[in-house]
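In what follows, a structure is listed as structure tokens, so that the remarks can point back to it.
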């Protein structure tokens, strides 16, 4: 069974991750992982923390000579900012003035009551999006597992605040990478940057929407047999598990609710002996299983809860009205969130792919994939 875990606080010594269930014999390129970590730190609207951290992944277990052993893979990313916060965050001696004013929209209040913390820092340190650096690293490892199957993932930004890009039939990955906001449309990118600048000047923050597209997924990944094995549920759950995400749509998403059946589904036809579809409103998933078309997921992200012009809140210790706490933060994380979304999609896809084709080694898993592909080709 494939699974992953992360641990670590935002300003603690390090972030730690474990991937369990990857086959033996997978060659890993550390430069690919570090490149994904750099992409997460980039993006217009990011805060000063990104100038401090220079994320780099280190392997502690499960790898020898850059090749997976089939045992649990343990990785670490050091937090450089820990040295600036050691007195506050040292695991054994850390002390400091408690944070008492919860931020509306953050985990501060609910977490304090759930875990009976009287210092909100004990909640926000783990709730911080800094933790997504480890998810990106683990997702970049999974990308290298999925690549031999022809499965590729791309995240790109559709909307920031009120600025929305046109719909894209095809997306150029190079154009996405070249944009400071990871939007494929250059003109829209400039409008998004202007909106971020205006929000920063007003002491405000902006949310938005990004798309994750997964190409090359074979037919039949996932299942309709049980709710927990449906691929749309697995992917949506992974993306909803990201900080700041408030909605996930598959394919046409919520818009199909207003359509008649004749305009909601993807017709079948034959073209030179091949099965083709008239559209991709289903977003590549039907009945909880991949149908061979690109999987398209649209993800909506709320604005960051930390505003430089603090929202009204309370002081929990004094039981009195007070402004929300202000900690170092971003103005807009939507471009970075699209990178995290890529990672979450890769992590979510790895388990179902292994369930379909899995073996103890990459050689065995790829043999299973090739036999299955050949068998499907002869089915009709």
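Just so it is clear, none of the values below were taken in a lab; they were calculated from the coordinates. In this text the structure is predicted, and so the values were computed from the model without any measurement. Cβ coordinates were reconstructed from backbone atoms using ideal geometry, including for glycine residues, and neighbour counts include every protein chain displayed.
General observations
- Sequence of 6, 179, 372 once ranked by neighbouring C-beta atoms within 10 Å, starting from the fewest: 372, 6, 179
- Cα-based equivalent ellipsoid of segment 231-380: semi-axis lengths in Å, sorted from largest, via gyration tensor: 42, 22, 11
- Remark: 125, 355 ranked as 355, 125, counting other beta-carbon atoms within 10 Å and listing the fewest first.
- Ranking of 69, 379, 146 by count of other Cβ atoms within 10 Å, fewest first: 379, 69, 146
- The distance between label points at residue 321 and residue 27 comes to 6.5 nm (points 7 Å beyond Cα on the Cα→Cβ vector).
- Working from the Cα coordinates of segment 3-377, the gyration tensor eigenvalues give, after taking √(5λ), semi-axes of 36, 27, 19 Å in decreasing order.
- Estimated FRET transfer efficiency when R0 is 30 angstrom, pair residue 229-residue 363 (beta carbons, to 0.05): 0.70
- Stokes-Einstein diffusion for segment 147-212 at 20 °C, viscosity 1.002 mPa s, with a Kirkwood radius from C-alpha pairs, works out to 169 µm²/s.
- Per residue Cα convex hull volume in Å³ - calculated over segment 67-218: 207
- Segment residue 180-residue 376, extension gain: residue separation times 0.36 nm, minus the distance between their alpha carbons: 66.3 nm
- Calculated log₁₀ intensity ratio I(q)/I(0) where the Debye formula runs over C-alpha points of segment 322-372, q = 0.20, 0.30, 0.33 Å⁻¹: -0.78, -1.05, -1.12
- 222 nm mean residue ellipticity, helices alone, for the chain (DSSP H n ≥ 4; -39,500 (n - 2.57); rounded to 500): -10000 deg cm²/dmol
- Coarse-grained scattering of segment 174-303 at q = 0.10, 0.14 Å⁻¹, given as base-10 log I(q)/I(0) from a Debye sum over alpha-carbon atoms: -0.43, -0.78
- Per residue, the average separation of C-alpha pairs within less than 8 Å and at least 6 apart gives the chain a relative contact order of 22 percent.
- Residue 263-residue 200 FRET efficiency (beta carbon distance; Förster radius 41 Å; 0.05 resolution): 0.50
- Cα centroid of segment 143-184 to Cα centroid of segment 278-301, whole Å: 16
- Angle of helix 231-240 to the longest C-alpha principal axis of the chain, folded into 0 to 90 degrees and rounded to 10: 20°.
- Three-way shape label, segment 75-132, alpha-carbon gyration tensor, a/c 1.5: oblate
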